1. Which members of the stretch 1-16 meet the condition of being in a loop (DSSP other than H, G, I, E, B) and open to solvent by 10 Å² or more (accessible area, probe 1.4 Å)?
2. Of everything in the stretch 268-286, what is open to solvent by less than 50 Å² (accessible area, probe 1.4 Å), in a loop (DSSP other than H, G, I, E, B) and not small (Gly, Ala, Ser)? Give them in sequence order.
3. How do the pairs read when you match residues in the stretch 70-83 that are basic (Lys, Arg) with residues anywhere that are part of a loop (DSSP other than H, G, I, E, B), using Cβ under 8 Å and keeping only pairs 6 or more apart or on different chains?
4. For residue 177, are the conditions met, namely being at pLDDT below 95 and closer than 17 Å to residue 40 by Cβ?
5. What is the one condition in (1) among the basic types (Lys, Arg); (2) under 23 Å from residue 199 (Cα atoms); (3) in contact (Cβ under 8 Å) with a residue 60 or more places away in the chain that residue 27 does not satisfy?
6. Scan the stretch 131-148 for residues that are closer than 15 Å to residue 190 by Cβ and open to solvent by less than 10 Å² (accessible area, probe 1.4 Å) and jot them down.
7. Of all residues in the stretch 92-109, how many are in a helix (DSSP H, G or I) and either open to solvent by 10 Å² or more (accessible area, probe 1.4 Å) or out of contact with any helix residue (DSSP H, G or I) (no Cβ under 7 Å at 6 or more places or on another chain) (or both)?
8. Taking the stretch 39-69 only, how many residues are in a loop (DSSP other than H, G, I, E, B) and either open to solvent by 30 Å² or more (accessible area, probe 1.4 Å) or under 16 Å from residue 108 (Cβ atoms) (or both)?
Amino acid sequence: LIYGRPCSAHNDPIEKKPLFHYLPGGRAFSIATAGCNIECLFCQNWNISQARPDDLQNYDMPPEKVVALARAAGCQAIAHTYNEPVVTFEYMRDCAKLSRDAGIPAVMISNGFINEEPMREVAAHLGAVKIDLKAFTEAFYGKWCDGRLQPVLDTLKVLRDEGVWFEIVVLLVTGLNDSADEIKRMAAWIVKELGVDVPVHFSRYFPQYKLKLPQTPVAVLDRAHETAKKEGLNFVYVGNIELPGKADTICPGCGEVVIRRLGFIVRSNALADGKCPSCGRAIPGVWKKDDAFRRGIIAYE
């Protein structure tokens, strides 16, 4: 019903996905179909993800056309995003194969609720992955998402093993998954199992779909940022709200700001061949198109 039939197509900054350490300043040809494999009661894209294909206006866009449109638009990547690309796995996989041959990396923007075998299959063709980690308790996943936490943690370990570049986003929902203790345990798990250099983004919840709690207080986002940093994560960001310095990439070695951002816009990029210009420390990430399919960039500790 949805193969080759996306309902949405946009030319976005790749930072909007958000991917901050993957081809910064680049554009991503972003497509979505109807559907999702879980139901978050606070879904921010519910009009697409919780819709049926026949509820939406869909485009005729087979994989060959996706690649052609991305090239014509001058995009540096193709993003499967907005809804859950796992529900259109074959379409994403076939697009990724063709786009890789064309030198345009595909990126998967996902909730990570997928089995190991298909994740490894498509990872071989992807340039990067962003995983939404909804919370760090099974209770939250069960009550508010109709899903499970453990498969998502397993997916993150698969991405670690595959060596594909990935980043994590956590949408902080007011009073449900935003406690300092939960953020501390989540950050500690990431440090132990995935490494200190995995970028983690905290996003602000806004009342959407079936959940109408107050939007996340700014102070909670700021606290989550500081908690994750104290647990040892080198690259922590606050997204979809402008907090001074919280979207900048800072060298863990000397504290130099190497990439300055305003929202999803890169204002300056001082990296020299992927290294801090002040101290020469390598900043993990994919910084140029020639490295778009590199593997094993993160040094896991």
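1. 1, 2, 3, 5, 7
2. 271, 276, 283, 284, listed by residue number.
3. Close Cβ pairs (under 8 Å, with a partner that is part of a loop (DSSP other than H, G, I, E, B)) amount to 71/102; 71/104.
4. In short, no.
5. (3)
6. Listed by number, the residues that qualify are 131, 133, 135.
7. 6
8. Residues that pass the stated criteria total 12.
The values are calculated or read from the model by the stated rules, or taken from the named source; none is laboratory data. Keep in mind it's a predicted model, so treat the numbers as computed, not measured. No Cβ is skipped: glycine too gets one built from the backbone with ideal geometry, and neighbour counts run over all protein chains shown. For the accessible areas, the whole protein counts, side chains as well, though only heavy atoms, and no ligand, DNA or RNA atoms are used. Shrake-Rupley method; radii C 1.70, N 1.55, O 1.52, S 1.80 Å.
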